[in-house]
Amino acid sequence: TDATTEETKVLTVGTSADYAPFEFVDTKVSEDIIGFDIDLANLIAERLGYELKFTNSDFNSLIPGLQAKKYDLVISGMTPTEERDEVVDFSTPYYETEQYMVSMKESNITSMEDLKGKKVGA
Ligand code: ARG
């Protein structure tokens, strides 16, 4: 038997896969839960020698599920609130951004509206 397989500890992770690009179901190909949060959690877990098993659940059931020990952890784009903070522990933030799309000055594209009817490459 493979020693590394035996040593791999599996953690159950609760997420609400309705929040692209953070967590969503890959309906086009695999039906897997994919997204930024999934990649991030897998990357951290891999470095710590864990394997993750994601469970798709309603967002509002995630904290109750954690309290019921249904999940070892939750990753679901969750923002701390006073109410949540009373019952669960939040990590340090993993996603804050000041990122923008960029277009040429002359393009006159200032909003999504300006893209209506525009063809790719035109
Ligand atoms: N950040 C918001 C919150 O914590 C919305 C998160 C929704 N996430 C989801 N996977 N549906 O309430």
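If residue 30 satisfies every condition in (1) under 16 Å from the mean Cα position of the chain (by Cα); (2) away from the ligand (no atom under 12 Å from the Cβ); (3) assigned to a loop (DSSP other than H, G, I, E, B); (4) not basic (Lys, Arg) but one, which is the exception?
Residue 30 satisfies every listed condition except (1).
Could you list, in sequence order, the residues of the range 63-106 that are among the polar types (S, T, N, Q) and surrounded by fewer than 10 Cβ atoms within 10 Å (Cβ to Cβ)?
Scanning the range 63-106 gives 79, 81, 92, 97, 99.
Scan the range 5-27 for residues that are within 9 Å of the ligand (Cβ to nearest atom) and among the β-branched types (Val, Ile, Thr) and jot them down.
If the condition is that a residue be within 9 Å of the ligand (Cβ to nearest atom) and among the β-branched types (Val, Ile, Thr), then 15 is the only one that fits.
Can you tell which of 54, 36 is among the aromatic types (Phe, Trp, Tyr), within 30 Å of residue 118 (Cβ to Cβ) and either away from the ligand (no atom under 16 Å from the Cβ) or under 15 Å from the mean Cα position of the chain (by Cα) (or both)?
Selected residue: 36, the only one of 54, 36 that is among the aromatic types (Phe, Trp, Tyr), within 30 Å of residue 118 (Cβ to Cβ) and either away from the ligand (no atom under 16 Å from the Cβ) or under 15 Å from the mean Cα position of the chain (by Cα) (or both).
Within 14 Å of the ligand (Cβ to nearest atom), in contact with a strand residue (DSSP E or B) (Cβ under 9 Å, 6 or more places away or on another chain) and within 23 Å of residue 20 (Cβ to Cβ), is that true of residue 63?
Yes: the conditions hold for residue 63.
Would you check if residue 72 is within 16 Å of the ligand (Cβ to nearest atom) and acidic (Asp, Glu)? Steps first, please.
Values: within 16 Å of the ligand (Cβ to nearest atom): no; acidic (Asp, Glu): yes.
Considered against the rule, which asks whether it is within 16 Å of the ligand (Cβ to nearest atom) and acidic (Asp, Glu), residue 72 comes out as no.
Would you point out which residue out of 113, 98 is farther than 23 Å from residue 24 by Cβ and not in a loop (DSSP other than H, G, I, E, B)?
Selected residue: 113, the only one of 113, 98 that is farther than 23 Å from residue 24 by Cβ and not in a loop (DSSP other than H, G, I, E, B).
Condition first: in contact with a Gly (Cβ under 8 Å, 6 or more places away or on another chain) and not aromatic (Phe, Trp, Tyr). Can you find one or more residues in the range 96-117 that meet it?
Of the range 96-117, the ones in contact with a Gly (Cβ under 8 Å, 6 or more places away or on another chain) are none.
No, the range 96-117 contains no residue that is in contact with a Gly (Cβ under 8 Å, 6 or more places away or on another chain) and not aromatic (Phe, Trp, Tyr).
Scanning the range 8-27 for residues that are in a strand (DSSP E or B) and farther than 19 Å from residue 58 by Cβ, which turns out farthest from the chain's Cα centre (by Cα)?
9
Each value in this text was obtained by applying a stated rule to the coordinates, not by laboratory testing. Remember, predicted model here, so these are calculated numbers, not experimental data. When we count neighbours, we look across all protein chains shown, and the Cβ atoms used for this are built from the backbone with ideal geometry, even at glycine.
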